[in-house]
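First the structure, in the form of structure tokens, and then the observations on it.
The values are calculated or read from the model by the stated rules, or taken from the named source; none is laboratory data. In this text the structure is predicted, and so the values were computed from the model without any measurement. Cβ atoms come from the backbone with ideal geometry, glycine included; neighbour counts cover every protein chain shown.
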Amino acid sequence: MPPHGPSPAERWVAKGILAAGLDLIERIHDLDLGLTVYVLAAEEQDRVLAEEYGAIVLEDSQEPFHFGKALTDFILEWDVERLAYFGSGSAPLISNEILQGAFLDVLQAKDPYAVVNNLHSTDWAILTNAKYLEGISDRLPSDNPIGWVLSNECNFNVEALPISAATRADIDTPNDLIMMRGHPAIGLNLHEFYLKHPISGFDRIRATQTILSTPASHLTLIGRASSHLWHELEKRTQIWIRMFVEERGMVASGRMGRGEVKSLIAEIVDEWGPSEFIRYLGTISDAVLWDTRVWMAHHGGWPSKADRFAADLGCADDIVEPALKELTQAINLATIPIITGGHGVVAGGLYALLETISLE
């Protein structure tokens, strides 16, 4: 579980991640497979709550934190052969049925084998032969490349589970949390979090839900969307869809780390200016879901987490980075709802919205 961060938006997301993490601990214990849950948490209050839920809390003094090194240190210290890794906000809508099936497949496997939620951008993985990770720890600055690296560099048989909100929803940004709010699969802790910690931003989500439910409406997706998502939109809605897809796998492939991300949309925003670009989106769309992290990576690096989260919530006055502030101001003046964030707004978050609508 990550540090809470200094800004209100960061602390709000951290509380949501904690709630989802506690729900996940309960779900794993409910499987009754004799599994031991270990938790690495940056904040003392999170460690205390994790222990209360039956987890063993790990100590980590590594500075700066490196995901691959921390994971392999744990594997070697505890002599782990089969490992399940979950990012703290990575499975907020997972079902016990999916969890049990994945665990049993790995427990029964004899050859190098892994089950992941997403091959190209992994948020959680269950695998055999965990000590293989020691030789590739430097390739894992974050969890995103695990599935890709195991499949392409370690000769693992990697199974990516069928795409749904259950397997793709992941809490990284404020709108990831907001978009899954009405989904029936949220756990009790996350449900209580929404009741106790309301925040602005739900109006844009509700307006977008209305667009998704209105035949012949026009929705635009920008960023790392998938062909499967297009298929689901066509299956579940009666709307017109525009998709501007760029830089799928930019994190897992290492392109972002090497400064190789290129975005045509970012070039257009730079050429036209944010206000004109947003004005034009309003002429072709009734709502927009925009994975702005591609735009950020195109410019050589991301603004601070505080700035990114403030932008996602439309809090332009709280943003320090000038270009992001200008873009956020333009989005706030848009005549249509524009939801920004990371990969989740064109992936797990949108799957959650679609599944919620289909149940209404």
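Which one is surrounded by the fewest Cβ atoms within 10 Å (Cβ to Cβ) among residues in segment 203-254 that are touching a Ser or Thr at 6+ places or on another chain (Cβ under 7 Å) and assigned to a helix (DSSP H, G or I)? So, considering only residues that are touching a Ser or Thr at 6+ places or on another chain (Cβ under 7 Å) and assigned to a helix (DSSP H, G or I), the one surrounded by the fewest Cβ atoms within 10 Å (Cβ to Cβ) is Arg236. The helices (runs of 4 or more DSSP H) falling completely within segment 258-360 that include 1 or more residues that are over 30 Å from Ile186 (Cα atoms) and either in the same structural domain as Pro162 (by TED's automatic domain parsing) or over 21 Å from the mean Cα position of the chain (by Cα) (or both) map to 264-272, 274-284, 322-332.
Scanning segment 75-107 for residues that are small (Gly, Ala, Ser) and either assigned to a strand (DSSP E or B) or in contact (Cβ under 8 Å) with a residue 60 or more places away in the chain (or both) yields Ala84, Gly87, Ser88, Gly89, Ser90, Ala91, Ser95.
Using the structure shown, decide if Leu40 is within 21 Å of Asp170 (Cβ to Cβ) and either at pLDDT 95 or above or outside the structural domain of Ala91 (by TED's automatic domain parsing) (or both).
Criteria not met by Leu40.
In this structure, is Leu49 of a type in the set (A, V, I, L, M, F, W, C) and in a loop (DSSP other than H, G, I, E, B)? Criteria not met by Leu49.
Annotation note: of Val294, Val320, the sole residue that is of a type in the set (Val, Ile, Thr), at pLDDT 95 or above and more than 30 Å from Ala166 (Cα to Cα) is Val320. For first residues located in segment 108-130 and at pLDDT below 95, partners that are of a type in the set (Asp, Glu) and outside any loop (DSSP other than H, G, I, E, B) and lie 6+ apart or on another chain with Cβ distances below 9 Å form the pairs Leu119/Glu159. Within segment 87-107, the set of residues being of a type in the set (Val, Ile, Thr) and either surrounded by fewer than 16 Cβ atoms within 10 Å (Cβ to Cβ) or farther than 21 Å from Ala352 by Cβ (or both) comprises Val106 only.
Of all residues in segment 278-301, which are within 23 Å of Trp240 (Cα to Cα) and buried (at least 19 other Cβ atoms within 10 Å of the Cβ)? The answer is Ile278, Leu281, Ser285, Asp286, Ala287, Val288, Leu289, Trp290, Asp291, Thr292. Looking across Ile211, Ile239, Ile284, one residue alone is among the β-branched types (Val, Ile, Thr) and under 20 Å from Gly341 (Cα atoms). It is Ile211.
Selection of segment 41-55 for residues being out of contact with any Lys or Arg (no Cβ under 9 Å at 6 or more places or on another chain) and more than 21 Å from Ala102 (Cβ to Cβ) yields Ala42, Glu43, Glu44, Gln45, Asp46, Arg47, Val48, Leu49, Ala50, Glu51, Glu52. Looking for whichever is in a loop (DSSP other than H, G, I, E, B) and in contact (Cβ under 8 Å) with a residue 24 or more places away in the chain here; the options are Ala14, Ala42, Ala70. Which one fits? That would be Ala42, the only listed residue that is in a loop (DSSP other than H, G, I, E, B) and in contact (Cβ under 8 Å) with a residue 24 or more places away in the chain.
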